[in-house]
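Visitor: The structure follows.
The values are calculated or read from the model by the stated rules, or taken from the named source; none is laboratory data. The shown structure was predicted, so the numbers you read here are calculated from the model rather than taken from an experiment. Here the Cβ is made from the backbone with ideal geometry for all residues, glycine too, and neighbour counts use every protein chain on show.
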Amino acid sequence: MLSEAPDVLSQVLKLIRLRGDHVFHGELSTSAEVTFSPGPAIFLHLRTGELAVSQRDGGEAVLLRPGDFVLLPHADGHTIRASSDGQARQCFEADVSSASQGNAQTFRWAAEDGVAGSFLAGAFYFDGAPLRSLLTGLPGLIHLTCDKSMEPAWLGAISHFLDIESRAPSPGASLMISRLIDLLVIRTLRMWVSKQGDRTDWLSGLTDERIGRVLNAMHQAPNETWTVKSLADIAMMSRSTFSERFTAVVGLPPLRYLARWRLTVAADLLRAGTLKVIDVAYSAGYGSEAAFSRAFKAQFGYPPSDAHRISRGSIFRARSSDLL
């Protein structure tokens, strides 16, 4: 059922552990453009004016109007410019890495003319490399059209409190900002997922009532001895129809998706560094450490014994090659 869909998304987001970093305010003039290099993921909430955002690797620019919100989760870099088609007279390279946590800075990228748009923005990380293959379902740019008459109450409220916490930092402000960014990103993903109807990945399964029930069951009990028949029963479909439907919606056969999710959960246990590989192997349903290690390395590209070390410095950078 659709009411179960957020449970699956919550389980995924819990493993990736969103980590908010800092907030900043920006102003851009009518004849300037600013380029953000690859680094942290970025969100942007337009306050005034009109600005166009385009991804660094090309694609059509997205026009933002007051109240609009954009999320760039892949951290591949992007460019912001005035909405006019004229040639920018000044080009800036953004350097927001110096923005201190808990104390927002205002960056003015301006030539000698008026302000084209102002915005509240922030940087964050998806702290969880094991879920790269799942999060490749996210596009490089998520745009919520939210003019002032349509702006969701949660967006205005979170943005408002981010503004307050960043402009007048007090004890605990860094933690508050990090938690508010978490909420902002999660609510954005929930709203975006709810609007998907023609995608082919696990995200679209969240909005398919029958497949959503199966995904929920898999995620709640990954080590259950699932079979195609038992999963088909949850979906109230025949085995053949269920297998075809699941594969068409999610992009992987059911048992292959289940194996990938089990390994993802196992990777999360290993990166905590408190369990032995053999114990995690058994909890993931493998009969031997060797079989688990082979499957784990095939999935993530490194042996399970390296998971704790690698997780310390990993930042999510989704790539389509991670899908299989």
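Visitor: Modelled with pLDDT of 85 or more, in the same structural domain as residue 45 (by TED's automatic domain parsing) and touching a His at 6+ places or on another chain (Cβ under 6 Å) - does that describe any residue in segment 105-114?
Guide: No: segment 105-114 contains no residue that is modelled with pLDDT of 85 or more, in the same structural domain as residue 45 (by TED's automatic domain parsing) and touching a His at 6+ places or on another chain (Cβ under 6 Å).
Visitor: Check 231, 270 and return the single one that is touching a residue at least 12 places away in the same chain (Cβ under 8 Å) and more than 20 Å from residue 294 (Cα to Cα).
Guide: Answer to the selection: 231.
Visitor: Of the residues 280, 265, which single one is part of a helix (DSSP H, G or I), among the aliphatic types (A, V, I, L, M) and in contact (Cβ under 8 Å) with a residue 60 or more places away in the chain?
Guide: Within the list 280, 265, the selection yields 265.
Visitor: So in segment 246-259, with the set limited to residues that are crowded, with 17+ Cβ neighbours inside 10 Å and outside any loop (DSSP other than H, G, I, E, B), which one is nearest to the chain's Cα centre (by Cα)?
Guide: 250
Visitor: What number of residues within segment 171-210 satisfy the criterion of being over 17 Å from the mean Cα position of the chain (by Cα), buried (at least 16 other Cβ atoms within 10 Å of the Cβ) and either at pLDDT 85 or above or acidic (Asp, Glu) (or both)?
Guide: 4
Visitor: Would you please name the residue that is farthest from residue 282 (Cα to Cα), looking only at residues in segment 237-251 that are out of contact with any helix residue (DSSP H, G or I) (no Cβ under 7 Å at 6 or more places or on another chain) and touching a residue at least 12 places away in the same chain (Cβ under 8 Å)?
Guide: Among residues in segment 237-251 that are out of contact with any helix residue (DSSP H, G or I) (no Cβ under 7 Å at 6 or more places or on another chain) and touching a residue at least 12 places away in the same chain (Cβ under 8 Å), the one farthest from residue 282 (Cα to Cα) is 248.
Visitor: Can you work out which of the residues in segment 127-156 that are modelled with pLDDT of 85 or more and part of a helix (DSSP H, G or I) is surrounded by the fewest Cβ atoms within 10 Å (Cβ to Cβ)?
Guide: That would be 153.
Visitor: Among what's in segment 226-245 and is part of a helix (DSSP H, G or I) and of a type in the set (Val, Ile, Thr), pick the residue that is surrounded by the fewest Cβ atoms within 10 Å (Cβ to Cβ).
Guide: That would be 241.
Visitor: Restricted to segment 157-170, and to residues that are under 19 Å from residue 70 (Cβ atoms), of a type outside the set (Val, Ile, Thr) and touching a residue at least 24 places away in the same chain (Cβ under 8 Å), which residue is surrounded by the most Cβ atoms within 10 Å (Cβ to Cβ)?
Guide: 166
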